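Input: a single structure, listed below in structure tokens.
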Amino acid sequence: DAKTTQPPSMDCAEGRAANLPCNHSTISGNEYVYWYRQIHSQGPQYIIHGLKNNETNEMASLIITEDRKSSTLILPHATLRDTAVYYCIVRVSVEAAGNKLTFGGGTRVLVKP
Amino acid sequence: DTEVTQTPKHLVMGMTNKKSLKCEQHMGHRAMYWYKQKAKKPPELMFVYSYEKLSINESVPSRFSPECPNSSLLNLHLHALQPEDSALYLCASSQLYRGVGQPQHFGDGTRLSIL
């Protein structure tokens with residue numbers, strides 16, 4: 001699986017957009033980009049994933065560069081409840097063996113009032 | 001509330017005890033996973049079951065014994081654990097479908113303490 005690089009921490013202001021970067025320069029053509037987050041004392045929560053195109057759902061938007069070597073997760077209006085560790089993971093889906101996720105260090109995001 | 005239910009939420013056991021962690025999902029997912037998470041570290045994959053068969057074992061010590069009795073249940077049997085096995089144990093499930101990335105749904109884990 002391609003390695004990902006994320007900043008260890010970042011602060012953002014409540015109500016403002018939070019832009020979380022992720023570098024995955026060795027990504028291959030069949031690897032997806034997944035974003036998960038883990039709020040304190042909870043299990044990881046799936047946010048969004050994509051292959052080539054930009055994606056949006058009710059939680060966030062995922063912007064993938066044209067060369068697919070980096071991506072940005074956008075939380076459009078950060079709230080205090082968005083304080084969490086955010087993980088960017090790159091993985092190819094292998095049906096028979098299940099979807100093996102390798103979590104890196106993630107970005108610890110603190111949303112401030 | 002998560003759609004993956006893990007019990008118990010907390011477990012304290014001695015090194016000679018035998019206990020089991022349980023995980024249940026009713027989303028029709030055919031892949032289920034066990035992860036271990038030490039404090040302030042990311043989750044690490046332990047086991048993957050696909051179609052109720054063990055498909056991945058990440059070189060986990062034999063004192064951890066997984067079991068998938070049916071497509072909705074996943075157990076982790078514990079025996080003769082060591083203090084360093086104290087951690088948060090997370091269960092997850094996902095669909096299995098070639099060609100489309102399928103997200104995993106996690107439970108909130110069992111926090112295990114070994115005395």
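The values are calculated or read from the model by the stated rules, or taken from the named source; none is laboratory data. Note that the coordinates shown come from a computational prediction; the quantities given were computed from them, not determined experimentally. Every residue, glycine as well, gets a Cβ built from its backbone with ideal geometry; the counts of neighbours run over all protein chains shown. Quick note on the areas: whole protein, heavy atoms, side chains included, nothing else; ligands and nucleic acids left out. Shrake-Rupley method; radii C 1.70, N 1.55, O 1.52, S 1.80 Å.
Quick rundown of the values:
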{"item": "Surface share of carbon and sulfur [accessible, 1.4 angstrom probe, percent] for the protein assembly as shown", "result": "50 percent"}
{"item": "Surface accessible to a 1.4 Å probe, residue B:106 within the full protein complex, Å²", "result": "10 Å²"}
{"item": "Percent of C-alpha pairs per 10 Å bin, region B:7-95, short to long", "result": "17, 52, 28, 3"}
{"item": "Rg/Rg_globular for region A:39-79, with Rg_globular taken as 2.2 N^0.38 Å and Rg from C-alpha atoms", "result": "1.30"}
{"item": "Cα convex hull of the protein assembly as shown, projected area averaged across orientations, nm²", "result": "12.2 nm²"}
{"item": "Links that overshoot a 27 Å alpha carbon limit, given the list A:3/B:22; A:69/B:36; A:52/B:36; A:52/B:53; B:18/B:53", "result": "A:3/B:22; A:69/B:36; A:52/B:36; A:52/B:53"}
{"item": "Average Cα contact separation per residue, chain A, under 8 Å, 6 or more apart, as relative contact order %", "result": "36 percent"}
{"item": "Free-standing Cys residues across the protein assembly as shown, given no other cysteine C-beta under 4.7 angstrom", "result": "A:12, B:68"}
{"item": "Region A:1-96 - Rg and Dmax from Cα coordinates, angstrom", "result": "13.2, 43"}
{"item": "Residue-span extension gain [residue B:80 to residue B:58] - 0.36 nm each, minus C-alpha spacing", "result": "6.0 nm"}
